[in-house]
Amino acid sequence: MHEENKAAANGCGKIRSGTRNETALLALMEKTGYSMVQENGQRKFGGPPPGWEGPPPPRGCEVFVGKIPRDMYEDELVPVFERAGKIYEFRLMMEFSGENRGYAFVMYSTKEEAQLAIKILNNYEIRPGKFIGVCVSLDNCRLFIGAIPKEKKKEEILNEMKKVTEGVVDVIVYPNATDKTKNRGFAFVEYESHRAAAMARRRLIPGTFQLWGHTIQVDWADPEKEVDEETMQRVKVLYVRNLMISTTEDTIKAEFNKFKPGVVERVKKLRDYAFVHFFHRDDAIAAMSVMNGKCIDGASIEVTLAKPVNKESTWKQHFNGQISPGSENLLGFPNKEDGHQKSLGKPASLSVHLNGQHSPGPPEGERCIYPFFPGIKLTPISMYSLKSSHFSSAAMHLDYFCNKNNWAPPEYYLYSTISQDGKVLLVYKVLIPSIADGSQSYFMPDKLCTTVEGAKELAAQFTLLHL
């Protein structure tokens with residue numbers, strides 16, 4: 001047995017008996033023929049497995065496993081996950097103490113095996129009263145770069161990122177909503193692999209690195225929503241971006257009806273992007289081919305199929321990182337209740353049902369409190385140094401979002417009216433001075449609330465949805 005295998009096998013001896021643990025892991029390696037190496041806070045089992053030929057499995061073959069008991073290791077975990085198929089690589093995240101960190105990544109040899117693992121092992125009772133969570137692992141290869149000078153063009157940003165980081169594949173830049181000659185102050189940089197993106201993120205740590213004399217903001221971009229092929233085959237809605245703010249829904253409908261009159265059912269425009277609904281999918285596909293790259297009111301538009309999204313899981317699954325408008329994974333879904341298409345970008349990850357009586361936030365199980373012991377050291381920090389996942393209110397998210405985009409804080413203006421039964425009803429109007437213009441000077445929801453807190457939350461969420 002290789003010395004590194006023995007060292008890795010003994011890596012958690014501080015928790016269980018070293019001899020017992022090493023023996024169990026060595027027995028697993030001997031039985032399977034897999035190697036094991038511990039490095040950079042993780043222990044890799046396989047990758048590749050014995051006898052593997054060719055490249056690693058494609059994206060979509062890896063699952064994320066959470067809520068693993070801290071004293072459970074590969075000798076118990078691997079046999080469970082082998083039930084779904086051939087494991088290419090099992091990566092267990094490790095603490096310095098020798099405990100695992102409660103989560104792991106399992107890469108299978110095919111996408112079908114990964115999907116089966118999710119189906120049969122999510123919420124699996126791995127020990128009495130201990131249930132693990134298994135979901136698709138999104139191999140993120142994209143970084144969000146903020147505080148970029150707005151006059152920089154895509155080519156300049158691409159060339160600069162290639163100079164300072166390795167493995168750059170592409171740069172995604174969005175034109176300013178009001179001035180198409182400028183960018184929005186941020187970009188998404190696509191790398192050839194997750195490893196390349198992670199190395200770039202480490203190199204570009206804010207406060208230690210500057211581009212064009214500016215201190216930039218760096219974070220993981222929220223991964224693009226994966227939608228199965230069967231669902232996409234039914235989509236008959238197009239997502240159109242890079243529109244002029246002054247362009248009307250009637251103009252968009254007329255332009256898309258030109259290639260074949262009467263095919264557009266309706267158009268829903270939000271700021272500088274829109275969703276175009278067709279009566280038939282074939283017409284939507286044909287229109288996408290014809291209209292992509294066309295000019296409407298002087299703006300060259302980009303047209304793609306809108307991606308459906310599960311409304312109920314949006315908050316939990318997607319609001320786990322920074323938020324930025326017009327992101328590449330803009331999604332759309334038909335809403336039967338209000339008869340039109342609602343749009344989702346990064347801010348729209350807040351899409352939970354809000355009727356003014358409650359505010360969005362993580363599930364109750366995540367609202368933890370901890371005892372404060374005498375002598376605990378407290379360090380003053382700014383809320384803007386945290387991640388968006390630390391906030392459970394839409395108002396805080398909006399404030400954080402404005403700061404991240406170098407905008408002035410949002411301004412709230414309270415209005416009231418009296419309901420038919422005599423109740424005082426409230427609504428906030430939100431103004432973001434940095435983006436105010438003639439066509440969109442403020443944001444105001446179309447629902448009223450009975451409490452100030454509810455009204456502010458609703459207004460903040462409405463603003464995030466429509467930025």
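The values are calculated or read from the model by the stated rules, or taken from the named source; none is laboratory data. Predicted model only: the values in this text are computed from it and were never measured. Reconstructed Cβ throughout: ideal geometry from the backbone, glycine too, with neighbour counts over all protein chains shown. The area values use the complete protein model at the heavy-atom level, side chains included, leaving out ligands, DNA and RNA. Shrake-Rupley method; radii C 1.70, N 1.55, O 1.52, S 1.80 Å.
Within the stretch 278-310, the residues that satisfy the criterion of being of a type in the set (Gly, Ala, Ser) and either open to solvent by less than 40 Å² (accessible area, probe 1.4 Å) or within 17 Å of Val264 (Cα to Cα) (or both) are Ala284, Ala286, Ala287, Ser289, Ala299, Ala306.
Of all residues in the stretch 155-197, which are of a type outside the set (Val, Ile, Thr), in a helix (DSSP H, G or I) and loosely packed, with under 15 Cβ neighbours inside 10 Å? Scanning the stretch 155-197 gives Glu155, Asn159, Lys162, Lys163, Arg195. Report whether or not Phe275 is part of a helix (DSSP H, G or I) and crowded, with 20+ Cβ neighbours inside 10 Å. It is false that Phe275 is part of a helix (DSSP H, G or I) and crowded, with 20+ Cβ neighbours inside 10 Å. Restricting attention to the stretch 240-260, the residues that are at positive phi and crowded, with 20+ Cβ neighbours inside 10 Å add up to 0.
Restricted to strands (runs of 3 or more DSSP E) entirely inside the stretch 35-103, those with at least 2 residues that are farther than 22 Å from Arg127 by Cα and touching a strand residue (DSSP E or B) at 6+ places or on another chain (Cβ under 6 Å) are 36-39, 42-46, 87-94.
Flag set for Lys67, criterion: touching a residue at least 60 places away in the same chain (Cβ under 8 Å) and assigned by the TED database to the domain that holds Asn123.
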